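Quick notes on the structure that follows.
A short reminder: the numbers here are calculations on the coordinates, not readings from a lab. Keep in mind the model is a prediction, meaning the values are calculated, not measured. Here the Cβ positions follow ideal geometry from the backbone for every residue, glycine too, while neighbour counts run over all protein chains shown.
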Amino acid sequence: MSLVSDPVAVTVAAPSPLESPARLAAVRATRLLDTGPEEAFNRLTRLVSVVLGTPAVMLTVVDEVRTFLKGTPEPAQIVGPEGVWSAPVEDSGCKVVVESDGEICAGDVQAEPRLRDLSLITEFGAAAWLGVPVRDPAGQVVGNLCAMDVVAREWTPLHRETIRTLADAVEGEIALRLALRETERQALAAARHAAEAETLARTLQESLLPARPPRLPGIDIAARFLPAGSGVEVMGDFYDAVPTPDGVAVVIGDVQGKGSAAARTTALARSATRTAAHVEDDPVAVLRTVNDVLHVWFDGRISFVTAALASLRRGPSGTWHADLASAGHPPVLVRRADGTVEFHGGGGLVLGIGTTPTVAHEAVTLAPGDSLVLYTDGITEAHVRGHWEQLEEEGARRTLASLVPGADADTIARALTGAALAHCDGHLSDDAGVVVVQVEEPGAVDADRVVTEHVPHAGVGRETRRSAERVLTGWDLDPGSLADAMLVIEELVANVVDHARTPFRLALVRTVDALRIEVEDEDSGSPLLQPLDVRAARGRGLQLVDAVAQSWGCDTRGGGKRVWAELPTR
């Protein structure tokens, strides 16, 4: 008889999301446990209360045992004499949000089995409940922002978007505290501290500006923003471009001040604008909604925001209609396709000061080739320190009027920021921002021959690439043929700019199985295919064309020539 027993398999259950070691470490790192409500968080819950129309809003942080109240509209009605309120996590809806790792929306608590039997739900008399997770920068759920009502109700998409947006603001506050704490920890190393502070500012700034302007059919959007000073403080200037059912809403704003306080206001103003623009067609109504949010947020503090908002929608024959709204912001510039420049909009009163803002309104129509230019006062107020001669609005107008017709959106934005830097010897006293919305030429992409005319200038290569790529993409060229065609176009255009230096015409012609590219200029000198010299810095352009094209050649006529290349399409 054997005295050795068979081994017994032991299964160790994985920890629940509530008890996850990584989550608990993230919660403790916030240093928000065992502490009471804070006014920075209370203000955010008041915003939720105003927009959702419910008095019961709570922001909590949650460990594996208890939930701690960090924000509510009227904390004195809940917290005890020590200023802290907590409850067993098993009794609260916070646990449900953490365990589900997502939003819980219950218009009728009795229809939600995960909530209806919780003692805190009963204690607060919650008949409807809406909760969203609050995360740390790494994505760990550290708490919950929830709203309750004493009667069953519908939580609309706007309600849910609002509470998500303000949960994002809470996350930004937590991230900012963690970042500042980390910066303080390294304060003894002065050189490293300066470098890391600059990195932090850049990271925060990037989070407050779109990573890149959206690409929308028919318009091109470019943006340039420059910080004042050393760049260590976060800018107070911001912009956003929000696609709408009929087009796009573009906003530019300027928050009073700089640094962390301005960053929080910037995040809130941008989020409020984005949320309102999704549900409001009228730009005046959007800015009034933003004012309401900021007025509650400032809570009597002396602070304000200026903003200009353009709501653009398509019109006939390639035009776009722009409804302009301004709240204490400089007027926008409209640069027409022929190079003339006009002022539009401007005026109104700043946002956040009162409950009944004055918002100026104007409408303007943009034709193909026209550009709408929004900017902050850091552009027009640029000046050399100690001297008070500013660039001013007229200087901005002259800068745009000096550009060649056909300048693209990015060229216009760079020209305006460049003029501001030149006027202050490279030392801005205020942040400067520019957003350009340009209506693209329609381009007959369905035709078999498309011709565009150009004049040599610094950005003509980029200009021709963009117009050609739009046409060829509309012709559904396969990726290989498109890449070959763009290479040939770039080399033929570069040849004109480097040698002919005259106005030129680019023609794209498609047949059943080939693409013909023609560049016609006013110089009669024929290009020569030079022997390949790998040591030469230039001179490889026609070698590349010869290698890629099925055939190519040059036809001289009168005082000019036409260089052409044909490529097979697959």
By how many nm would the segment from ASP546 to ALA507 lengthen if fully extended, with 0.36 nm per residue of separation less the alpha-carbon distance?
12.2 nm
Name the shape class, rounded, prolate or oblate, that the alpha-carbon gyration tensor gives for the range 449-568, where a ≥ b ≥ c are the square roots of its eigenvalues, rounded holds for a/c under 1.5, and otherwise prolate holds if a/b is larger than b/c and oblate otherwise.
rounded
Matching label, Cα Rg over 2.2 N^0.38 Å computed from the structure shown, candidates (i) 1.22; (ii) 0.94; (iii) 1.51
(i)
Taking the number of other C-beta atoms within 10 Å as the exposure measure, put LEU287, LEU472 in order starting with the fewest.
LEU472, LEU287
Tally Lys/Arg at +1 and Asp/Glu at -1 over every other residue whose Cβ is under 14 Å from the Cβ of GLY461; what's the total?
-3
Calc'd 3J(HN,Hα), the range 293-309, phi into Karplus 6.51 cos²θ - 1.76 cosθ + 1.60 (θ = phi - 60°), Hz, glycine/Pro = x, comes to 5, 5, 4, 5, 5, 5, 6, x, 5, 7, 7, 7, 9, 9, 7, 10, 10
What are the residues whose amide H is under 5 Å from the amide H of GLU440, where those residues sit 5 or more places off or on another chain and H is modelled from the backbone?
ILE219, ASP220, GLY369
Using Cα atoms only, what is the angle between the long axis of helix 190-208 and the major principal axis of the chain, expressed in degrees (0 to 90) to the nearest 10?
80 degrees
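Extension gain HIS457-ASP498, at 0.36 nm per residue separation less the Cα-Cα distance, in nm?
13.7 nm
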Cβ-based net charge around PRO503, under 11 Å, with every Lys or Arg adding one and every Asp or Glu removing one:
-3
Phi angles of the range 337-348, converted by Karplus (6.51 cos²θ - 1.76 cosθ + 1.60, θ = phi - 60°) into ³J(HN,Hα) in whole Hz with x for Gly and Pro, give 4, 7, x, 6, 10, 10, 9, 9, x, x, x, x
Just from its helices, what would the mean residue ellipticity at 222 nm be for the chain, if runs of 4 or more DSSP H residues each count -39500 (n - 2.57) and the sum is divided by every residue, rounded to the nearest 500 deg cm²/dmol?
-10500 deg cm²/dmol
Expected vector for the range 404-412, Karplus 3J(HN,Hα) from phi with 6.51, -1.76, 1.60 and θ = phi - 60°, integer Hz, x for Gly and Pro, equals 5, x, x, 4, 7, 4, 5, 4, 5
